[in-house]
Amino acid sequence: MDHDPQNAADDLIARLTDALRLRGDAPDDFRRVVEGFFSQLQLLPRRELEAHLTALAQMENTVAELERRINELEKA
């Protein structure tokens, strides 16, 4: 299941605001702090992470195969 950072921020803000019973301008100030925190996390969806990990594994295999070929050529 993908999690949108904005939805996660909204949910966290709503829960914390309710839990702290913030009133007046406090929820808006709180929102700015929480959104700033989330923006620094550089979150990405799990699918994207898995795609990057798959691509990295394929590149590692390619490098290993090229190193093997180079070693064979150097021996010849």
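Summary of values
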item: Leu49 vs. criteria at pLDDT 75 or above, assigned to a helix (DSSP H, G or I) and loosely packed, with under 10 Cβ neighbours inside 10 Å; result: no
item: Breaking point among (1) under 25 Å from Asn7 (Cα atoms); (2) free of Cβ contacts under 8 Å to residues at least 40 places away in the same chain, for Glu60; result: (1)
item: Positions within segment 17-32 being assigned to a helix (DSSP H, G or I) and surrounded by 10 or more Cβ atoms within 10 Å (Cβ to Cβ), in sequence order; result: Thr17, Asp18, Leu20, Ala26, Pro27, Asp28, Asp29, Phe30, Arg31, Arg32
item: Flag for Leu73 being over 24 Å from Leu16 (Cβ atoms) and exposed (fewer than 10 other Cβ atoms within 10 Å of the Cβ); result: yes
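The values are calculated or read from the model by the stated rules, or taken from the named source; none is laboratory data. Nothing here was measured: the structure is a model prediction, and the numbers come from that model. Neighbour counts are summed over all protein chains in view; Cβ atoms, including those assigned to glycine, are modelled from backbone coordinates with ideal geometry.
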